[in-house]
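Just below is one structure, and these are the notes that go with it.
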Amino acid sequence: MKRDYEYIVLGLGGFGSAAAYWLSKRVGGQVLGLEQFELGHVRGESQDHSRIIRLSYHTPGYVELAKQAYHAWAAVERDSGEQLVLRTGGLDFAHRVSAIPLRTYSESMDAAGVAYETLDAGEIMRRWPPFRLSDDIHGLYQAESGIAMAARGNAAHLRMAREHGATLRDRAPVEAIRPSNGEIEIDAGGVQYRCGRLILAAGAWSNQALAPFGIQLPLTVTQEQVTYFASPHLAAFQPERFPIWIWMDDPCFYGFPVFGEAGPKVGQDAGGREVTTETRTFEPDQPALQRVRDFLGKYIPSLLGPVIYTKTCLYTLTPDRDFVLDAVPDHPNVSIAIGGGHGFKFASLVGRILSELAVDAHTDCNLGPFRLDRAILQLKNPPKHYMV
Ligand SMILES: Cc1cc2nc3c(=O)[nH]c(=O)nc-3n(C[C@H](O)[C@H](O)[C@H](O)COP(=O)(O)OP(=O)(O)OC[C@H]3O[C@@H](n4cnc5c(N)ncnc54)[C@H](O)[C@@H]3O)c2cc1C
């Protein structure tokens, strides 16, 4: 069987569902989305209740992009009638000398005209009594930070994409991609499709999706995890009273107030072992959980309680942790997005940018840092720098 669509989106996780949504808003029924598993599956990177969204970032470029990310989510909230972002405020904190200097964050926000507060340990504990901090710890507080409601956001993108006319197929793995004469043929789930423009949003499967174009990137896939704790002091961790937070050192930990489950959530950033999409498991890594417990025991002891559950998830890391968001070299009708393990907050914006690249071959966003042909992505064994 043969079917034609002008636009095909490969992968309907966080980025692909957003791309299908923004594309269908412009071109309706010309959009086909293909997902290898069931919609909303947990084998990729974008599920669970919550992801951190924040303006506080290490370069002015990311701060500017994050401003636009809030606008993109707000547009989907208006269109879908659902709340998808919850502002809780956000605290970045660390010893005054740390692996991730707070100064790069404050300077980036200064450059981008974003307001924030600098807090000492005493002030942090006065505002949020669960913290137990020594005097050499300081923090940055930014009021717009909060929760991007991940599972709900993906579902909203998919539902609204269908409402705008897109066709979405689950359990339809893309098995072959053949570029020919400016068009692309695709075999997926027993059907052959032809399209004019293709968006690759394949997460940890990105190198398989790029193979037909003769490109392989030095990506590292890691198995990460987050844990919900049944704190006996739940009142102190409600989103009206407790911020999202990031411990800006190596190892780097982060956490959320109570949202989606009956307890706050905590994880370690980029602390998981290297895996492939085949070797990953769904088993919690106990030493990693112990690292989280040790951190909490020291700095937020009243958060600890019985484990509600630990959930595994994949990071697709570029060596510099910057995104890939670009057209594929020599194939201007094919574009790709890879999130570098911190992309969800930008998901709706990334979807909008991908739709602009596909429809207009142009976007106003500065994609310079995210080029697929940047120097570090041309190295086979590049130096890796994940603590940014
Ligand atoms: C534990 C954890 C915590 C995180 N915390 C944050 C955070 O606080 N803030 C933040 O901004 N980001 C965070 N991230 C990162 C963020 O979640 C990811 O960057 C983002 O979700 C990436 O989305 P994606 O669409 O690229 O990948 P995915 O959601 O994995 O989507 C890729 C999709 O492509 C499909 N696919 C692949 N190959 C094929 C094929 N051949 N045919 C059909 N379908 C295919 C896959 O099945 C999958 O559904 C976190 C990630 C993890 C794992």
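Condition first: closer than 22 Å to Leu55 by Cα, away from the ligand (no atom under 16 Å from the Cβ) and surrounded by fewer than 23 Cβ atoms within 10 Å (Cβ to Cβ). Now tell me which residues in segment 138-182 satisfy that.
Matches in segment 138-182: His138, Leu140, Tyr141, Ala143.
List every residue pair whose Cβ atoms sit under 7 Å apart, with the two residues 6 or more apart in sequence or on different chains, where the first one lies in segment 7-20 and is modelled with pLDDT of 95 or more and the second, anywhere, is among the aromatic types (Phe, Trp, Tyr) and near the ligand (Cβ under 8 Å from one of its atoms).
Gly14/Phe344
Quick one: count up the residues across segment 293-327 that are aliphatic (A, V, I, L, M), surrounded by 19 or more Cβ atoms within 10 Å (Cβ to Cβ) and under 21 Å from the mean Cα position of the chain (by Cα).
4
Filter segment 86-106 for residues that are touching a residue at least 40 places away in the same chain (Cβ under 8 Å) and either polar (S, T, N, Q) or open to solvent by 60 Å² or more (accessible area, probe 1.4 Å) (or both); which is nearest to Tyr62 (Cα to Cα)? Break it down stepwise before answering.
At the first step, the residues of segment 86-106 found to be touching a residue at least 40 places away in the same chain (Cβ under 8 Å) are 86-96, 98-102, 104-105.
Filter once more, keeping what is either polar (S, T, N, Q) or open to solvent by 60 Å² or more (accessible area, probe 1.4 Å) (or both): 87-88, 96, 98, 104.
Values: Arg87: 19, Thr88: 20, Arg96: 23, Ser98: 21, Thr104: 12 Å.
It comes out as Thr104.
Go through segment 39-69 residue by residue and tally those that are in a loop (DSSP other than H, G, I, E, B), more than 9 Å from the ligand (Cβ to nearest atom) and aliphatic (A, V, I, L, M).
Number of matching residues: 2.
Taking interchain pairs and intrachain pairs at least six residues apart, which have beta carbon atoms under 6 angstrom, with the first residue in segment 288-302 and under 15 Å from Met125 (Cα atoms) and the second assigned to a helix (DSSP H, G or I)?
Going by the 6 Å Cβ cut-off, the qualifying pairs are Leu296/Leu303.
Based on this model, can you work out whether Gly113 counts as surrounded by fewer than 19 Cβ atoms within 10 Å (Cβ to Cβ), farther than 20 Å from Gly14 by Cβ and modelled with pLDDT of 95 or more?
Values: surrounded by fewer than 19 Cβ atoms within 10 Å (Cβ to Cβ): yes; farther than 20 Å from Gly14 by Cβ: yes; modelled with pLDDT of 95 or more: yes.
Taking the combined requirement at face value, the residue satisfies it.
Across segment 3-28, which residue is nearest to the ligand (Cβ to nearest atom) among those that are part of a helix (DSSP H, G or I) and open to solvent by 50 Å² or more (accessible area, probe 1.4 Å)?
Lys25
Could you tell me which numbered condition Gly139 fails, if it satisfies all but one of (1) small (Gly, Ala, Ser); (2) closer than 24 Å to Ala18 by Cβ; (3) at pLDDT 95 or above?
Unmet condition: (2).
The values are calculated or read from the model by the stated rules, or taken from the named source; none is laboratory data. This is a predicted model, so every value here is computed, not measured. Backbone-built Cβ (ideal geometry, glycine too); neighbour counts: all protein chains shown. Surface areas here come from the heavy atoms of the whole protein model, side chains and all, with no ligands, DNA or RNA. Shrake-Rupley method; radii C 1.70, N 1.55, O 1.52, S 1.80 Å.
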